[in-house]
Amino acid sequence: MLTLYELGAPDGAHYSSFSWRTRMALRHKGLAFESVPVRVSDKAAIGFSAQGKVPILRHGETVVFDSWKIAAYLEATFPDTPSLFGGASAAGLCRFVNALADRQWMAALAPACALAVTQMVDAGDAAHLRAGFEKGFGKTLEEMQAARAASLKAFGRALDPLRATLRSQAYLGGAAPCYADYIAMSPLQWARIIDAAPVLEADDTLLSWFERMLDLFDGFARAEPARATRG
């Protein structure tokens, strides 16, 4: 049995961008898993992992945390399932996309959506998230929200290499998606789940790729309700 410990909101939403990288990786490999929701402020719930962050994958007695390490574990442990990377060289390129998503895409997007995510969790988690965001960005959530338009403009510019690549191929993986695509979609899925306001312009060429990503695996990612439909 594979068990995924991941952030969960009171309404049942799975809202972690890092969790969605792992969720899509598990579906890519055709692996069934049980989801265990965790409150972001409840460190005791994941004390067994000897660290304080999710997602965490538990496979029998093995515990793996960090979405990149989980992907590498799945690739090594289930070699007879579809490859996430497509080879060692491709894994290195996926690692680059992972760093790009963490250090540029999410860094640009997070201030624009920070207030929204605190509004979908309980008071304890909201206080925990507020403290983390405000310490990390050196601004209050309200200041970040006031600068939302500028943050989204920076986010849009940061996505230009992704747009350029997808103009000539269906996925980052080429004709079929790979783990790099799951990494790249994760900021957009995060925003879709936590924020009712769009983060891309209606004519953005990335939307067609994102729609294809939502439709993968019988609409697995699309089945997670968007904030705009949850109210």
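The values are calculated or read from the model by the stated rules, or taken from the named source; none is laboratory data. Computed from a predicted structure; not experimentally measured. For neighbour counting, all protein chains shown are included, and Cβ atoms are generated from backbone atoms with ideal geometry for every residue, glycine included. Ligands, DNA and RNA are excluded from the accessible area calculation, which covers all protein heavy atoms including side chains. Shrake-Rupley method; radii C 1.70, N 1.55, O 1.52, S 1.80 Å.
Any residue in region 33-45 that is among the charged types (D, E, K, R) and over 25 Å from residue 119 (Cβ atoms)?
Yes: region 33-45 contains one or more residues that are among the charged types (D, E, K, R) and over 25 Å from residue 119 (Cβ atoms).
Could you tell me which residue of region 162-180 is farthest from residue 19 (Cα to Cα), considering only residues that are assigned to a helix (DSSP H, G or I) and without any contact (Cβ under 8 Å) to a residue 40 or more places away in the chain? Break it down into steps so the answer makes sense when it comes.
Step one: of region 162-180, the residues assigned to a helix (DSSP H, G or I) are 162-166, 179-180.
Now restrict to residues that are without any contact (Cβ under 8 Å) to a residue 40 or more places away in the chain: 164-165.
On the way: 164: 26, 165: 25 Å.
Filtering first and then ranking leaves 164.
Could you list, in sequence order, all residues of region 77-132 that are acidic (Asp, Glu), open to solvent by 20 Å² or more (accessible area, probe 1.4 Å) and more than 23 Å from residue 153 (Cβ to Cβ)?
In the first step, residues of region 77-132 are kept if they are acidic (Asp, Glu); the result is 80, 102, 122, 125.
From what's left, open to solvent by 20 Å² or more (accessible area, probe 1.4 Å): 80, 102, 122.
If the condition is that a residue be acidic (Asp, Glu), open to solvent by 20 Å² or more (accessible area, probe 1.4 Å) and more than 23 Å from residue 153 (Cβ to Cβ), then 80, 122 are the ones that fit.
Taking the stated definitions as given, is residue 65 more than 19 Å from residue 19 (Cβ to Cβ) and either surrounded by 17 or more Cβ atoms within 10 Å (Cβ to Cβ) or among the hydrophobic types (A, V, I, L, M, F, W, C) (or both)?
no
Scan 84, 74 and give me the residue that is among the aliphatic types (A, V, I, L, M), in contact (Cβ under 8 Å) with a residue 60 or more places away in the chain and touching a Leu at 6+ places or on another chain (Cβ under 9 Å).
Checking each option against the conditions leaves just 84.
In a helix (DSSP H, G or I), open to solvent by less than 40 Å² (accessible area, probe 1.4 Å) and of a type in the set (A, V, I, L, M): which single residue out of 200, 207, 188 fits that description?
Among 200, 207, 188, only 188 is in a helix (DSSP H, G or I), open to solvent by less than 40 Å² (accessible area, probe 1.4 Å) and of a type in the set (A, V, I, L, M).
Do we have residue 155 as in contact with a helix residue (DSSP H, G or I) (Cβ under 8 Å, 6 or more places away or on another chain), of a type in the set (Phe, Trp, Tyr), open to solvent by 20 Å² or more (accessible area, probe 1.4 Å) and in a helix (DSSP H, G or I) here?
Numbers: in contact with a helix residue (DSSP H, G or I) (Cβ under 8 Å, 6 or more places away or on another chain): yes; of a type in the set (Phe, Trp, Tyr): yes; open to solvent by 20 Å² or more (accessible area, probe 1.4 Å): no; in a helix (DSSP H, G or I): yes.
Considered against the rule, which asks whether it is in contact with a helix residue (DSSP H, G or I) (Cβ under 8 Å, 6 or more places away or on another chain), of a type in the set (Phe, Trp, Tyr), open to solvent by 20 Å² or more (accessible area, probe 1.4 Å) and in a helix (DSSP H, G or I), residue 155 comes out as no.
Take region 137-152 and flag every residue that is surrounded by 12 or more Cβ atoms within 10 Å (Cβ to Cβ) and touching a residue at least 24 places away in the same chain (Cβ under 8 Å).
137, 139, 141, 144, 145, 147, 148, 151, 152
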